[in-house]
Amino acid sequence: MRIRYKPMRLGEIALISEYLAPLAVHPGAFGLKDDAALLTALPASGLVITSDGLTAGVHFFEDDDPGDAAYKALAVNVSDLAAKAARPLAYTLTLALAEAPTGEWAQRFTAGLARAHSKFGIALIGGDTVSARGAWWMSITAFGEACPRGLVPRGGAKPGDLLYVSGTIGDAALGLKLRLHGESFGSLLSAEEREFLRSRYLYPEPRLGLAAALASEASAAMDISDGLALDLSRMCEVSRVSAEIVVSAIPLSDAARTLAAAGADAMQTILTGGDDYEILAAVPPERASGFEAASRKGGVPVTRIGTVSAGAGAPKFRAAGGLELELCSKGFEHFKV
């Protein structure tokens, strides 16, 4: 007869004291034994504060490794700090679970946070654990040290500024599409290319190395979380400008280039899909060479993709021959109506 053992589950106190508290090494966290944290010697330039929540079934799959989901949750918040040229300092975490976790689940979840701590130089200082009704979710509030200018705004783009993006665009959205509908185009890619796209979806890479370039040279910046087309339109709207984008100039990975060459649908995904977490920056022309040099020094590749223009119209994406590319979607929005 086979005996089945029911995994031991953790109460809230055990989850905090045995798994989360060991991550709270910041002296102001008090080992998560108090109701609040204390940040002293605050930077003279100020604190940059950002908050993002992630929900199973929306931002990641229910059956994803909890460590991967935890890493992603912290990475997307750090990406917001990176876009503001801020240095990560600390964060709080609210974790909502539909049922008591097992020790194995808690170990994998906190291992993902620990990987992010090591990579981004950030520390847990507090938060909350609560019961959820339905899918589990987590919300992070991250704190960063502002650069000397204070904040690189989203709304500072001016007509004539050059538009740059970091890294390559569209990989994460294609990675998600590969997971959902891999049979439709997976055969076009090598095993290495498929793994690359999946990795780009699972593990965002905040561009912290771009901080110096943004702080000294950019007039506006934001991270690309909901698709290049939508996030560019947000920058333009708050800056009260428009933009012209050269589609052929948008940097693509080898995998994305392969799929784009195979059909127009892939290019639509590249331009409107979310989860890039690359940086979009507007840079005055006279500062372009300095921006590019500082980006190289920071180890982050950047590519010029277009120009900020006067007016209040939607950004235009120009395909071959200067024809405007019609987008089937603006990008990802919660509560889309």
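Which net charge results when you count Lys and Arg as +1 and Asp and Glu as -1 among the other residues whose beta-carbon is under 11 Å from that of Ala24?
Numbers: positive: Lys33; negative: Asp34.
Net charge in that neighbourhood comes out at 0.
Taking the Kirkwood radius as the inverse of the mean 1/r across Cα pairs, report the Rg/Rh of segment 167-236.
1.08
Listed highest first by mean packing, meaning other Cβ atoms within 10 Å per residue, what order do 37-44, 239-246 come in? Mind showing how you got there, number by number?
Working: 37-44: 11.8, 239-246: 19.8.
Order by mean packing, descending: 239-246, 37-44.
Let me make sure I get this right: for segment 126-205, a, b and c are the square roots of the gyration tensor eigenvalues over alpha carbons, sorted descending. Under 1.5 in a/c it's rounded, otherwise prolate if a/b > b/c, else oblate. Which is it? Could you put the intermediate results ahead of the total?
Numbers: a/c = 2.73, a/b = 1.19, b/c = 2.29.
Oblate.
Using modelled amide H (1.01 Å from N, peptide plane; none on Pro or chain starts), what sits under 5 Å from the amide H of Gly156, excluding residues fewer than 5 places away?
Ala221
What fraction of the DSSP beta bridges in the chain is antiparallel, stated in percent and rounded to the nearest 5? Each step should come with its number before you reach the end.
Details: 38 of 50 bridges.
If we restrict to bridges inside the chain, about 75 percent are antiparallel.
Residue-wise, which Karplus ³J(HN,Hα) couplings in Hz belong to segment 246-255, taking 6.51 cos²θ - 1.76 cosθ + 1.60, θ = phi - 60°, and x for glycine or proline?
8, 4, 5, 8, 5, x, 10, 6, 4, 5
Decide, for the chain, between rounded, prolate and oblate: order the square roots of the alpha carbon gyration tensor eigenvalues as a ≥ b ≥ c, take rounded if a/c falls under 1.5, and otherwise choose prolate if a/b is larger than b/c, else oblate. Spell out each step's value before the answer.
On the way: a/c = 2.27, a/b = 1.36, b/c = 1.67.
Oblate.
State to the nearest 20 debye the size of the charge dipole of the chain about its Cα centre, where the only charges are +1 on K and R beta carbons and -1 on D and E beta carbons.
Numbers: 32 positive and 38 negative charges, 59 e Å.
Its charge dipole is roughly 280 debye.
Nearest 500 deg cm²/dmol is fine: what mean residue ellipticity at 222 nm does the chain get from its DSSP H runs of n ≥ 4 alone, each adding -39,500 (n - 2.57), divided by its residue count? Could the numbers behind the result be given before it?
Numbers: 9 runs with 110 residues, N = 337.
That calculation yields -10000 deg cm²/dmol at 222 nm.
Between segment 81-107 and segment 158-179, what is the C-alpha centre distance in whole Å?
Going from one Cα centre to the other spans 25 Å.
Summing +1 for each Lys or Arg and -1 for each Asp or Glu, what net charge is found among the other residues whose Cβ lies under 12 Å from the Cβ of Arg108?
On the way: positive: Arg115; negative: Asp64, Asp65, Asp68, Glu104.
Result for the neighbourhood of Arg108: -3.
If you average the sequence gap of Cα pairs under 8 Å that are 6 or more apart and divide by the length of segment 12-145, what percent do you get for the contact order? List each step's numbers first, then the result.
Working: 232 pairs, mean separation 53.3, N = 134.
The value is 40 percent.
If you place +1 on the Cβ of every Lys and Arg, -1 on the Cβ of every Asp and Glu, and leave all else neutral, what size is the dipole of segment 37-182 about its Cα centre, to the nearest 20 Debye? List each step's numbers first, then the result.
Details: 12 positive and 13 negative charges, 111 e Å.
For this selection, approximately 540 debye.
What whole-number distance in Å separates the alpha-carbon centres of segment 131-146 and segment 1-75?
8
Tell me the GluC sites (Glu not before Pro) within segment 1-110 that lie in a loop according to DSSP and have at most 15 other beta-carbon atoms within 10 Å. Provide the component values of the computation, followed by the final result.
Details: sites: Glu12, Glu18, Glu62, Glu99, Glu104; in loops: Glu62, Glu99.
The qualifying sites are Glu62, Glu99.
Assuming a ≥ b ≥ c are the square roots of the Cα gyration tensor eigenvalues, decide whether segment 181-302 counts as rounded (a/c under 1.5), prolate (otherwise, with a/b larger than b/c) or oblate. Can you show the working numbers first?
Values: a/c = 2.19, a/b = 1.63, b/c = 1.35.
Prolate is the answer for segment 181-302, as a/c is 1.5 or above and a/b outweighs b/c.
When the chain is modelled as a GNM with alpha-carbon springs shorter than 10 Å, which of Ser139, Ser309, Ser131 fluctuates the most?
Answer for the Gaussian network model of the chain: Ser131.
Using every alpha carbon pair in segment 12-145, what percent of pairs falls into each 10 Å bin from 0 up to the bin containing the largest distance?
Spelled out per bin, shortest first, that is 13, 46, 33, 8, 0.
Starting from the 7 Å offset along Cα-to-Cβ, what nm value, one decimal, do you get for the label separation of Arg9 and Ser118?
Once both label points are built, they end up 3.1 nm from each other.
How much net charge surrounds Leu189 when only other residues with a Cβ under 10 Å from its Cβ are counted (Lys, Arg +1; Asp, Glu -1)? Write down the numbers at each step before the final one.
Numbers: positive: Arg194; negative: Glu192, Glu193, Glu195, Asp254.
That sum, taken over residues with Cβ under 10 Å, equals -3.
Pop out the ³J(HN,Hα) list for segment 301-309 in order, Karplus 6.51 cos²θ - 1.76 cosθ + 1.60 with θ = phi - 60°, rounded to Hz; leave Gly and Pro as x.
x, 10, 9, 7, 10, x, 9, 6, 10
A short reminder: the numbers here are calculations on the coordinates, not readings from a lab. Note that the coordinates shown come from a computational prediction; the quantities given were computed from them, not determined experimentally. Because the Cβ atoms are built from the backbone with ideal geometry, glycine has one as well, and the counts that use them run over all protein chains shown.
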